[in-house]
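Take a look at the structure below.
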Amino acid sequence: MIKKITCIECPKGCGLELDIENCHVIKVSGNKCPKGEKYAIAEIEDPVRILTSTVAAQGLSLKMVPVRTDKPIPKSRMREVMKEIKKLKISKPQLPGDIVLKNILGLNVDLIVTRNVC
Amino acid sequence: MIKRDLVIVGGGPAGMAAAISAHENGSKDILLLERDQYLGGILNQCIHTGFGLEYFKEVLTGPEYASRFIEKIKDIPNIEVSLKSFVVKLTTGKELTFLKPGCLTQVRAKAIIMATGCREKTREMVHIAGFRPAGIFSAGLAQKLINIEGLLPGKEVVIVGSGDIGLIMARRFRLEGASVKAVIEIKKTSRGLIRNVAQCIEDFDIPFYLSHKITKIYGKDRVEKVSVSRVDDAFNAILGSEFDIACDTVLISVGLIPENELLEMTRGASVPGLFVCGNSLKVYDVVDSVTKDSIEAGRVAAEYLKGL
Ligand code: SF4
């Protein structure tokens with residue numbers, strides 16, 4: 001089966017053509033660099049995304065603190081992870097990279113702060 | 001009137017890169033004016049990833065990209081940062097007037113770099129008929145409300161235009177639990193980067209109508225619905241193709257234009273020592289290009305000062 005997708009790894013946005021057999025990618029074309037092939041395989045076999053959002057702050061210089069997962073998470077778990085993020089509050093100063101939530105839902109991924117808040 | 005060698009207007013990615021570059025090229029007396037209470041400009045509200053791949057060779061969010069420059073500037077005593085400083089006047093004699101809470105200050109510069117970024121095109125610029133109810137926002141304003149203020153501007157959203165900010169906001173609204181009813185683009189292709197169509201629209205199965213336009217916005221106090229039509233090659237609505245979409249919010253994402261109000265005060269005069277960089281020069285697709293352009297502007301300004 002041939003499937004066409006767009007590589008999202010960089011702004012070039014290459015159009016990829018994947019040859020898929022039994023849910024496995026056997027050939028990728030259209031990618032201008034090796035990252036495209038890796039992306040294509042992940043996209044079919046285990047699609048993942050970095051999730052970015054905000055956490056409400058209490059008594060700090062910002063109202064909302066931007067956060068992201070330090071590694072990509074399965075696309076299918078984004079909604080659940082958003083629910084976990086919604087439960088959080090930040091009340092202590094943070095630097096970019098500080099961990100707000102460790103090992104979210106056992107995914108082996110941490111939620112980290114992306115902006116200085118004091 | 002105070003006197004400075006180099007004044008940079010705007011503390012976003014362009015102004016910060018220009019300031020650092022001017023310093024690295026020998027400028028010792030730099031004043032960086034920023035109207036907001038933080039450096040970073042629009043990057044602070046761009047909490048999504050996609051920044052820095054070219055310049056830092058890693059994938060960063062907007063605030064992370066900004067903080068790399070903010071931290072660097074903190075360590076350079078030759079760059080004085082003046083926040084909450086809103087420039088209201090620019091003359092051909094390279095005099096700037098800026099407002100800071102409680103005072104109006106005039107500064108004469110030997111060189112000026114304008115790094116004022118860009119702004120969003122508005123509903124008025126795309127001519128949508130209908131009423132003027134609450135619930136119509138530019139995509140960037142909605143982004144600020146959600147990411148900076150923590151407010152969700154609506155629950156059922158239709159996005160007009162497929163600019164990158166609109167696409168990014170479609171995903172953001174979805175993640176926040178709102179429903180995005182449609183993205184309506186008058187052209188045959190997306191205005192925004194194709195990767196944003198993939199990760200913001202297709203990932204969330206959001207209906208994406210190309211060659212369509214909104215013909216009317218309805219609603220008395222709040223937006224209630226919009227009418228949408230298919231368009232022909234001349235962008236005219238095709239009779240009989242009209243349908244309605246119920247919604248409470250309309251986002252406008254039809255592109256960006258350089259912010260040049262201050263420059264216009266010089267009435268197109270050629271002023272030696274007055275430079276422009278970043279999105280106020282031309283609207284770039286990615287911030288890495290803004291940085292590259294502004295590093296060059298900082299270098300050229302420093303060279304100019306040396307030659308005086
Ligand atoms: S294949 Fe490589 S060049 Fe093409 S979009 Fe993906 S990362 Fe970018």
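Quick check on the range A:45-77: of everything there that is of a type in the set (A, V, I, L, M) and surrounded by fewer than 17 Cβ atoms within 10 Å (Cβ to Cβ), which residue is farthest from the other protein chains (Cβ to nearest Cβ)? Before you say what the answer is, go through the steps one by one.
Residues of the range A:45-77 that are of a type in the set (A, V, I, L, M), as a first pass: A:48, A:50-51, A:55-57, A:60, A:62, A:64-65, A:67, A:73.
So of that shortlist, the ones also surrounded by fewer than 17 Cβ atoms within 10 Å (Cβ to Cβ) come out as A:56, A:60.
Values: A:ALA56: 6, A:LEU60: 12 Å.
The qualifying residue farthest from the other protein chains (Cβ to nearest Cβ) is A:LEU60.
Take the conditions (1) open to solvent by 50 Å² or more (accessible area, probe 1.4 Å); (2) farther than 30 Å from B:ALA17 by Cα; B:ASP203 misses just one of them, which is (1). Considering only residues in the range B:13-26 that are open to solvent by less than 10 Å² (accessible area, probe 1.4 Å) and not aliphatic (A, V, I, L, M), the one that is nearest to B:GLU64 (Cα to Cα) turns out to be B:GLY15.
The set of residues from the range B:54-74 being facing chain A (nearest Cβ under 7 Å) and out of contact with any strand residue (DSSP E or B) (no Cβ under 8 Å at 6 or more places or on another chain) comprises just one member, B:SER67. Filtering the range A:52-64 for residues that are closer than 30 Å to B:ASN44 by Cβ, assigned to a loop (DSSP other than H, G, I, E, B), more than 12 Å from the ligand (Cβ to nearest atom) and basic (Lys, Arg) leaves a non-empty set. Filter the range A:6-29 down to the residues that are touching a helix residue (DSSP H, G or I) at 6+ places or on another chain (Cβ under 6 Å) and within 11 Å of the ligand (Cβ to nearest atom), then identify the one that is farthest from the other protein chains (Cβ to nearest Cβ). Restricting to residues being touching a helix residue (DSSP H, G or I) at 6+ places or on another chain (Cβ under 6 Å) and within 11 Å of the ligand (Cβ to nearest atom), the top hit is A:VAL28.
B:MET265 satisfies every condition listed in (1) out of contact with any Leu (no Cβ under 7 Å at 6 or more places or on another chain); (2) outside the structural domain of B:PRO133 (by TED's automatic domain parsing) except (1).
Is it true that B:GLY40 is over 30 Å from B:ALA246 (Cα atoms), free of Cβ contacts under 8 Å to residues at least 60 places away in the same chain, outside the structural domain of B:ARG191 (by TED's automatic domain parsing) and touching a helix residue (DSSP H, G or I) at 6+ places or on another chain (Cβ under 8 Å)?
Working: over 30 Å from B:ALA246 (Cα atoms): yes; free of Cβ contacts under 8 Å to residues at least 60 places away in the same chain: yes; outside the structural domain of B:ARG191 (by TED's automatic domain parsing): yes; touching a helix residue (DSSP H, G or I) at 6+ places or on another chain (Cβ under 8 Å): yes.
Yes.
Residues in the range B:176-185 that are small (Gly, Ala, Ser) and part of a strand (DSSP E or B) were compared, and the one that is farthest from the other protein chains (Cβ to nearest Cβ) is B:ALA182.
Any residue at all in the range A:30-39 that is in a strand (DSSP E or B), within 16 Å of the ligand (Cβ to nearest atom) and either open to solvent by less than 30 Å² (accessible area, probe 1.4 Å) or in the same structural domain as A:ILE85 (by TED's automatic domain parsing) (or both)? Spell out the reasoning first.
As a first pass, look at the range A:30-39 and keep what is in a strand (DSSP E or B): none.
Checked the range A:30-39: no residue is in a strand (DSSP E or B), within 16 Å of the ligand (Cβ to nearest atom) and either open to solvent by less than 30 Å² (accessible area, probe 1.4 Å) or in the same structural domain as A:ILE85 (by TED's automatic domain parsing) (or both).
Can you tell me how many residues within the range B:268-293 are open to solvent by less than 30 Å² (accessible area, probe 1.4 Å), among the aliphatic types (A, V, I, L, M) and either more than 14 Å from chain A (Cβ to nearest Cβ) or in contact with a Leu (Cβ under 6 Å, 6 or more places away or on another chain) (or both)? Within the range B:268-293, residues that are open to solvent by less than 30 Å² (accessible area, probe 1.4 Å), among the aliphatic types (A, V, I, L, M) and either more than 14 Å from chain A (Cβ to nearest Cβ) or in contact with a Leu (Cβ under 6 Å, 6 or more places away or on another chain) (or both) number 1. Scanning the range B:13-28 for residues being within 28 Å of A:CYS10 (Cβ to Cβ) and either of a type in the set (Ser, Thr, Tyr) or part of a loop (DSSP other than H, G, I, E, B) (or both) gives a total of 1.
Residue count for the range A:78-97, restricted to those that are farther than 17 Å from B:LEU175 by Cα and surrounded by fewer than 18 Cβ atoms within 10 Å (Cβ to Cβ): 6.
Kindly provide the set of residues from the range B:234-259 that are among the polar types (S, T, N, Q), over 21 Å from B:LYS155 (Cα atoms) and surrounded by 12 or more Cβ atoms within 10 Å (Cβ to Cβ), ordered by number.
Going through the range B:234-259, the residues among the polar types (S, T, N, Q) turn out to be B:236, B:241, B:249, B:253.
Subsequent filtering for residues that are over 21 Å from B:LYS155 (Cα atoms) retains B:236, B:241.
Listed by number, the list holds a single entry, B:SER241.
Considering only the range B:110-136, state which residues are assigned to a strand (DSSP E or B) and open to solvent by less than 10 Å² (accessible area, probe 1.4 Å). B:ALA111, B:ILE112, B:ILE113, B:MET114 - these are the residues of the range B:110-136 that are assigned to a strand (DSSP E or B) and open to solvent by less than 10 Å² (accessible area, probe 1.4 Å). With respect to being within 11 Å of chain B (Cβ to nearest Cβ), under 30 Å from B:GLU149 (Cβ atoms), modelled with pLDDT of 95 or more and touching an Asp or Glu at 6+ places or on another chain (Cβ under 7 Å), A:LYS83 falls outside the description.
Can you say whether B:GLY102 is in the same structural domain as B:VAL286 (by TED's automatic domain parsing) and in contact with a Ser or Thr (Cβ under 8 Å, 6 or more places away or on another chain), as far as the supplied structure shows?
Values: in the same structural domain as B:VAL286 (by TED's automatic domain parsing): yes; in contact with a Ser or Thr (Cβ under 8 Å, 6 or more places away or on another chain): no.
No; evaluated as a whole, the condition is false for this residue.
Among the residues of the range B:137-163, write down those that are in a helix (DSSP H, G or I) and touching a residue at least 60 places away in the same chain (Cβ under 8 Å).
Our first condition is that a residue be in a helix (DSSP H, G or I); within the range B:137-163, this holds for B:139-149.
Residues satisfying the conditions are B:ALA139, B:GLY140, B:ALA142, B:GLN143, B:LYS144, B:ASN147, B:ILE148.
The values are calculated or read from the model by the stated rules, or taken from the named source; none is laboratory data. On a predicted model such as this, the values are computed, not experimentally measured, just so you know. As a convention, Cβ positions derive from the backbone with ideal geometry for all residues, glycine included, and neighbour counts pool all protein chains shown. For accessibility, only protein heavy atoms count, side chains too; no ligands or nucleic acids. Shrake-Rupley method; radii C 1.70, N 1.55, O 1.52, S 1.80 Å.
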